Amino acid sequence: MSDSELNLLRDLDYSVVQQCMHCGMCLPTCPTYATTLLERSSPRGRIAMMRAIADGRRELSRSFAEEMYFCLGCLACQTACPAGVNYSELFENARAEVERQGLLDTPKRKRIRRWTLRWLFVERTRLHLLGRLLRLYQRSGLERLVRASGLLRLLPASLRELEPLTPRISRRFTAPLHARSVDPPSPRYRVALLSGCVQDIAFADTNADTIYALRQNGCAVRLPDDQACCGSLHAHNGDGEMARDLARRNIDAFAPDTVDAIIVNAGGCGSHMKHYDHLLADDPKYAERAKTWSEKVKDIHEFLAEIDFRAPRAGCGVDQVTYHESCHLKHGQQVSEAPRQILRAIPDLDLVELVEADWCCGSAGIYNITQPETSMRLLDRKMGHVRNTGVRVVATGNPGCVIQLQHGGQREEMDVDVVHPISLLAAAYRGEGEKS
Amino acid sequence: MLSSEASMQVPPLAYIHTRMNDEIIDGLRAFLRDEQILTADEDLDVYSFDGTAMLHQKPRCITLPETAAEVSRILALANAENVPVVTRGSGTGLAGGSVPVDGCIVLCLVRLDKIVELDAKNLVMVVEPGVLTGTIADTASAAGLFYPPDPGSIKISTIGGNVANNSGGLRGLKYGVTRDYIMALEVVLADGQVLHTGSKCVKDVAGFSLRDLFIGSEGCLGVITKVTLKLIPQPASKKTMLALFDSMTAAAATVSAIIESKIIPCTLEFLDRVTVECVEGYAQIGLPTDCEALLLMEVDGHAAEVDEQAEQILALAKEGGAREVRLAESADEALRLASARRTAFSALARLAPTVVLEDITVPRSELARMVALIEDVGRRHGVKVGTFGHMGDGNLHPTFLCDERDEEEMHRVEAALQEVFDGAIELGGTITGEHGVGLAKKPFLPAQLGEVGIAMLRRLKDSFDPQGILNPGKVFD
């Protein structure tokens, strides 16, 4: 097939495109449609544009490309779709084709993409290095100095707005924390944990809490050290090749047939990792193992609920919490009840439901960097609902959401703590010792 | 009789319109902002359809007015230039009524989305046409009031579209349809003049009821820019029930028995096996997928009355041969059941790429015969059909599951459709209960209305819209 004939949308199994019967049930759940009220920013509209390309009635245009990057990829439409359209696959192929044709290329964009997708989020050693540098900057007083000096004003407004989104880097990353607790003597399950990229350097404690909660429930927890980034960032941003590469490396690192489950505590990573089977379906060497992999990947909440986790006997030091659903946990994985079940199991903790809990907070991978305006509009909407609950602790199961909501708290000058539900569970387990 | 038939003959309305062109678009720019006018290829593609299978037509441009005044100016210009205008809201129509015509302006009213007034003293709400039906229901409910019409697409359909199609829903049996809740309308006429018709008064017989002409007019007589809705008090209590049957006939007979017992449930919905399987595939709420028919029933009103009626209904279902009857245990469960039912049409798309949805309605005494006829037609033509609908209203939605790319299969579907329509008319029914005629049912309308009926529609259209710029070619020619 010559390059000019290649088109990832035209190659796509046509039945996936045809599955959409344009009934419009997705429209009221789409955050970008709610923002513009334009059909082109609705799932149904985007699929119609893809279909026009798949049919050969239209070529890809810059305007199409922009619309594909205006989409959050939150997958709320997939949850809403009674017809079962696989929007995620359509969306990833559309973005990949946009990148293949270089429709949005500028030297700067290419540089950023190369640096993030092809260098930084590939090797954990590189992320760790960046993490250490950032921590040095944050802790040495340099950050305070830079913020106070007004040097930030030299940045363009969009970037200046984002600077506070830089996560606080953890003192230690996950690996040394793994030794903080020990595996149970006769484990019921053997599991392996994905330590993640952002989670590993900015929320290592969440990983430590996850390990602790698993061990409290009879699990031996392995932390494979040669694991790579899960590749979701790459797949969602049109770099399928690197996504497949990373998937293969993780399958090698985790050896899925040696564990009962592969545990993820980041909604975004888990949603992508469950699709390795699909991603590597055409790879004769990996297809079979990828299937085993996909069967074994479990979100931490999902896994704990499945193994009938032990309800803690002590509280977690928090009396009220509200729950924000990570899009890729709720819409990508349909895990919605399990995190609530965990929160409700903690003694003396009251779960207050959040209005529009399953609406995107605007984090959406790197959306807050690529589309700051829409991202902040969604964040304001989210924080408004949080304010209305009157609760000051928000639990959510994805690091991107944690960073975004923390930023929202600062923006709105609200006193809110954002935590992972598993950290509350782990705190409750830890409290048992103190109580007795 | 014959001579009067002959004198009623009015020839088809054959208009010659100007195609929308760049100069006219410049005319629009005189009073609309650039972002209110869409002409990019991508936009023409995504506004070329509504919720109806197989119907596509690209418009020449899309306008997004924000006020009735802007609507009026757009129509005045279109009328002066003799350009066709197709009005739409969220584009969820199921008969192709809002599919553009070649060379037209699409008038998309989603930005006229303000609730103008909630007048609790008069039990009235005044809204713009782009307000979502669900928003109206929620706003009424928050004030302890009730807006009963609830079409399947309530979460996204706009009230303007509901009025233009006289939409029904799941509560038609007890509460009626959209028409029963319209007190007044503001309408922009084809030439841009603004007409107010109706009032907040419960009684109002001043002049012909022009208001009623616009309800169900499918965008052919004028553009609705404000709607005054009647609200009623919230029922104090309700109960939701399920009954499962091993035969469709037994389910239909149970419905007749309930109605004969002088109980008017607010909802009496029916799903056949194919539909239940699809709905359960999507909603996963534990619906049994091995029964031939499922009835979803709801009664509302005063608590004591509701309890009594629920008991009676459950007993009637058992007598009627229901394999299992079940009472929803909580409001949550009731809501899950009703929400699942609303997804029936879309969920059927899991089985086939093209879903041709019909909307025939028959007198309720004829339901069992109509259901049997649909089954028979599907079998004889080798077409897979899933049927669901508002059994309490006699309104059925046989849905033909096919693939539009398979020409031979589509011919069989067409033949099957014709027989279903003929059958419905023969039983004293109608070709459409709540979706409208649009393009999809247009060929079948003359058989139902007869020459006099069609002639009167033509005369009416001609007097409101002499140049025929409003949604030309829809409903009738």
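Please treat every number below as a calculation from the coordinates, not as lab data. Values in this document were obtained by computation on a predicted structure and should not be read as measured data. When we count neighbours, we look across all protein chains shown, and the Cβ atoms used for this are built from the backbone with ideal geometry, even at glycine.
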For this session: Kindly identify the range A:127-278 as rounded, prolate or oblate by the Cα gyration tensor criterion: order the square roots of the eigenvalues as a ≥ b ≥ c, call it rounded if a/c is under 1.5, otherwise compare a/b with b/c, prolate if a/b is larger, else oblate.
Result: oblate
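By the gyration tensor of its Cα atoms, with a ≥ b ≥ c the square roots of the eigenvalues, what is the shape of the range B:1-150: rounded for a/c under 1.5, prolate for a/b over b/c, or oblate?
Here the range B:1-150 falls in the oblate category.
Which entries of A:Lys330/A:Lys382; A:Lys110/A:Lys291; B:Lys318/B:Lys384; B:Lys262/B:Lys384 have Cα-Cα distances beyond 26 Å here?
Checking Cα-Cα distances, A:Lys110/A:Lys291; B:Lys318/B:Lys384; B:Lys262/B:Lys384 exceed 26 Å.
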Exercise. Around B:Lys226, which amide H atoms from residues at least 5 apart in sequence, or from another chain, sit under 5 Å from its own amide H, with H modelled in the peptide plane?
Worked result: B:Glu186
Exercise. B:Lys203: net charge of surrounding residues, Cβ under 14 Å, Lys/Arg +1, Asp/Glu -1, itself excluded?
Worked result: +2
Exercise. Can you work out ³J(HN,Hα) from phi for every residue in the range A:258-274, in order, using Karplus 6.51 cos²θ - 1.76 cosθ + 1.60 and θ = phi - 60°, giving whole Hz and x for Gly and Pro?
Worked result: 9, 10, 7, 7, 10, 9, 10, 10, 10, x, x, 5, x, 4, 6, 5, 5
Exercise. If we count every other residue with Cβ under 14 angstrom of A:Asp319's Cβ, Lys/Arg +1 and Asp/Glu -1, where does the sum land?
Worked result: -1
Exercise. In debye to the nearest 20, how big a dipole does chain B give about its Cα centre with +1 on each Lys and Arg Cβ and -1 on each Asp and Glu Cβ?
Worked result: 940
For this session: Excluding residues on the same chain fewer than 8 positions from B:Lys200, give the aspartates and glutamates whose Cα lies under 19 Å from its Cα.
Result: B:Glu117, B:Asp119, B:Glu128, B:Asp180, B:Glu186, B:Asp212
For this session: Using amide H atoms built 1.01 Å from N in the peptide plane, name the residues 5+ places from B:Thr87, or on other chains, whose amide H lies under 5 Å from its own.
Result: B:Leu107, B:Asn471
Exercise. How do B:His56, A:His328, B:His397, B:His302 rank when sorted from fewest to most other Cβ atoms within 10 Å of their own Cβ?
Worked result: B:His302, B:His56, B:His397, A:His328
Exercise. Given A:Pro399, A:Val418, A:Gln341, which one lies farthest toward the positive end of the charge dipole of the range A:320-435, if we put +1 on the Cβ of every Lys and Arg and -1 on the Cβ of every Asp and Glu?
Worked result: A:Pro399
Seminar exercise, completed: The residues B:Phe146, B:Phe388, sorted from fewest to most surrounding Cβ atoms within 10 Å, come out as B:Phe146, B:Phe388
Seminar exercise, completed: For B:344-353, B:236-245, ranked highest to lowest by mean beta-carbon neighbours within 10 Å, the order is B:344-353, B:236-245
Exercise. Across the residues of B:38-51, average count of Cβ atoms on other protein chains within 10 Å?
Worked result: 6
Problem set entry | Inter-chain Cβ neighbour average for residues B:280-289, partner chain, 10 Å | 1
Seminar exercise, completed: Other residues with Cβ under 13 Å from the Cβ of B:Leu28 give, with Lys and Arg +1 and Asp and Glu -1, a net charge of -3
Problem set entry | Dipole in debye (nearest 20) - chain A, about Cα centre, beta carbon charges: Lys, Arg +1; Asp, Glu -1 | 1260
Exercise. In degrees between 0 and 90, to the nearest 10, how far off the longest principal axis of chain B does helix B:303-319 point, with axes built from Cα atoms?
Worked result: 70
Problem set entry | Between helix B:68-81 and chain B: long-axis angle, C-alpha atoms, 0 to 90°, nearest 10 | 60
Exercise. Counting each DSSP H run of 4 or more residues in chain A as -39500 (n - 2.57), what helix-only mean residue ellipticity at 222 nm follows after dividing by all residues, to the nearest 500 deg cm²/dmol?
Worked result: -14500 deg cm²/dmol
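Among B:205-213, B:218-226, B:133-141, B:321-329, how do they line up from the highest to the lowest mean number of other beta-carbon atoms within 10 Å?
B:218-226, B:133-141, B:321-329, B:205-213
Just rank B:Arg171, A:Arg109, fewest to most, by other beta-carbon atoms within 10 angstrom. Can you show the working numbers first?
Details: B:Arg171 23, A:Arg109 12.
So the ranking, lowest neighbour count to highest, is A:Arg109, B:Arg171.
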For this session: Go through A:364-372, B:262-270, A:288-296 and give me the packing order, highest mean Cβ count within 10 Å leading.
Result: B:262-270, A:364-372, A:288-296
For this session: Select from the range B:6-105 those trypsin sites (Lys or Arg not before Pro) which occupy a DSSP coil region and have at most 16 other Cβ atoms within 10 Å, ordered by residue number.
Result: B:Arg19, B:Arg33
Problem set entry | For chain A, cysteines whose Cβ has no other cysteine Cβ within reach (under 4.7 Å) | A:Cys20, A:Cys23, A:Cys30, A:Cys71, A:Cys81, A:Cys197, A:Cys219, A:Cys229, A:Cys316, A:Cys361, A:Cys401
Exercise. How far is the Cα center of the range B:398-466 from the Cα center of the range B:51-94, in Å?
Worked result: 23
Problem set entry | For residues of B:151-157, the mean tally of beta carbons on other chains within 10 Å | 4
Exercise. Which whole-number percentage describes the relative contact order of chain B, with Cα contacts under 8 Å and a sequence gap of 6 or more?
Worked result: 17
Exercise. Cα gyration tensor of the range B:352-435, axes a ≥ b ≥ c as square roots of the eigenvalues: rounded (a/c below 1.5), prolate (a/b > b/c) or oblate?
Worked result: prolate
Exercise. What angle do you read, to the nearest 10 degrees and between 0 and 90, between the alpha-carbon axis of helix A:240-254 and the longest principal axis of chain A?
Worked result: 30
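Mind checking the dipole of the protein assembly as shown: about its Cα centre, +1 per Lys or Arg Cβ, -1 per Asp or Glu Cβ, Debye to the nearest 20? Present the calculation step by step, with values, prior to reporting the outcome.
Working: 99 positive and 122 negative charges, 655 e Å.
Using Cβ point charges on Lys, Arg, Asp and Glu, the protein assembly as shown gives about 3140 debye.
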Problem set entry | Size of the range A:8-100 as Cα extents on the principal axes (Å, biggest first) | 30, 25, 20
For this session: Convert each backbone phi in the range A:305-320 into a coupling constant with the Karplus relation 6.51 cos²θ - 1.76 cosθ + 1.60 (shift: θ = phi - 60°), then list the ³J(HN,Hα) values in order as whole Hz, x for Gly and Pro.
Result: 5, 5, 8, 6, 4, 7, 6, x, 9, 10, x, 10, x, 10, 9, 9
Seminar exercise, completed: Check: C-alpha center the range A:1-70 vs C-alpha center the range B:236-295, spacing in Å is 37
Seminar exercise, completed: In whole angstrom, the spacing between the Cα centers of the range A:100-151 and the range A:399-426 equals 22
Seminar exercise, completed: Expected vector for the range B:344-361, Karplus 3J(HN,Hα) from phi with 6.51, -1.76, 1.60 and θ = phi - 60°, integer Hz, x for Gly and Pro, equals 3, 4, 5, 5, 4, 5, 5, 8, 7, x, 10, 10, 9, 9, 10, 8, 5, 9
For this session: Quick one: which residues, 5+ away or cross-chain, put their amide H under 5 Å from the amide H of A:Val393? H built at 1.01 Å from N.
Result: A:Thr322, A:Asp417
Seminar exercise, completed: Per the helix-only model, chain B has a calculated mean residue ellipticity at 222 nm (DSSP H runs of ≥4, -39500 (n - 2.57) each, divided over all residues, rounded to the nearest 500) of -11000 deg cm²/dmol
